Amino acid sequence: MAKLLRAAVLGPPGSGKGTICKRIAHSFGLQYLSSGHFLREGIAANTEAGMLAKTYIDRGMLVPDQVMTRLMLPKLEQLQNHSWLLDGFPRTLAQAQALNSLYQMDLVINLNIPLETLKDRLSDRWVHPASGRVYNMGFNPPLVQNLDFIVIQQKRSEKRGVRGKHSHSLITPQVTLTLLSLYCKEKWLL
């Protein structure tokens with residue numbers, strides 16, 4: 001039996017994690033696991049973790065570590081016999097430690113994108129709420145605009161994740177360096 005691959009892509013909102021993860025997963029036959037997808041799925045299914053996450057999301061707050069780990073770790077346990085690539089998890093040291101208590105990561109990729117690029121990408125970002133599909137009006141617009149579904153521009157509070165109200169939990173140098181140092185120590189970082 002081939003060795004299972006456990007990998008994650010780290011980076012701030014707008015860095016291209018989802019795009020890169022989908023391409024890597026498709027190219028190498030990995031399960032692509034998006035924390036955003038699992039959040040939407042948990043909310044739609046009215047799971048306990050999903051409903052708890054919704055209370056934070058509805059208030060424009062970040063979902064706390066303990067809720068994210070309650071949502072993500074059972075999903076990973078269901079896929080314990082598959083290779084997988086994580087997108088959007090872990091985002092914090094507490095999430096990384098919870099993940100590492102169950103799985104040894106083989107590879108962690110960090111996307112280091114200039115702040116101005118992130119601002120540009122997020123200002124043109126649109127999201128289809130029901131599916132979570134993300135569009136960028138500059139380089140990845142919907143195929144047929146304003147047909148079949150409503151696409152909404154990402155909320156200002158989500159854009160502030162680059163530098164603003166919630167940035168302390170998303171992409172500050174301290175959080176990034178803490179995660180990177182953990183994965184460098186374990187020799188998993190690319």
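The values are calculated or read from the model by the stated rules, or taken from the named source; none is laboratory data. Please read these numbers as outputs of a predicted model, since none were measured by experiment. Ideal geometry is used to build each Cβ from the backbone, glycine not excepted, and the neighbour counts take in all protein chains shown. For accessibility, only protein heavy atoms count, side chains too; no ligands or nucleic acids. Shrake-Rupley method; radii C 1.70, N 1.55, O 1.52, S 1.80 Å.
Can you tell me which residues in the stretch 87-107 are under 21 Å from VAL63 (Cβ atoms) and surrounded by 19 or more Cβ atoms within 10 Å (Cβ to Cβ)?
Scanning the stretch 87-107 gives ASP87, GLY88, PHE89, PRO90, ARG91, THR92, GLN95, ALA96, ALA98, LEU99.
Name the residue that is nearest to ARG121 (Cα to Cα), counting only residues in the stretch 1-17 that are open to solvent by less than 30 Å² (accessible area, probe 1.4 Å) and of a type in the set (Lys, Arg).
Across the stretch 1-17, the extreme among qualifying residues is LYS17.
List the pairs whose first member sits in the stretch 13-37 and is over 17 Å from THR92 (Cβ atoms), whose second member is in a helix (DSSP H, G or I) and among the polar types (S, T, N, Q), and whose Cβ atoms are under 8 Å apart, counting only residues at least 6 apart or on separate chains?
Listed by first residue and then by second, the contacts come to GLY14/THR117.
Mind listing just one residue for me: the one in the stretch 40-70 that is more than 17 Å from GLY88 (Cβ to Cβ) and either in a loop (DSSP other than H, G, I, E, B) or in contact (Cβ under 8 Å) with a residue 40 or more places away in the chain (or both) and, of those, most open to solvent (accessible area, probe 1.4 Å)?
Per the stated criteria, the residue is ARG59.
Name the pairs: first residue in the stretch 82-95 and of a type outside the set (A, V, I, L, M, F, W, C), second residue assigned to a loop (DSSP other than H, G, I, E, B) and open to solvent by 10 Å² or more (accessible area, probe 1.4 Å), Cβ to Cβ under 6 Å, at least 6 apart or on different chains?
SER83/LEU4; SER83/LEU5; SER83/LEU30
I'm trying to understand the selection: among the residues of the stretch 18-39, which are of a type in the set (D, E, K, R) and buried (at least 17 other Cβ atoms within 10 Å of the Cβ)?
None; the set is empty.
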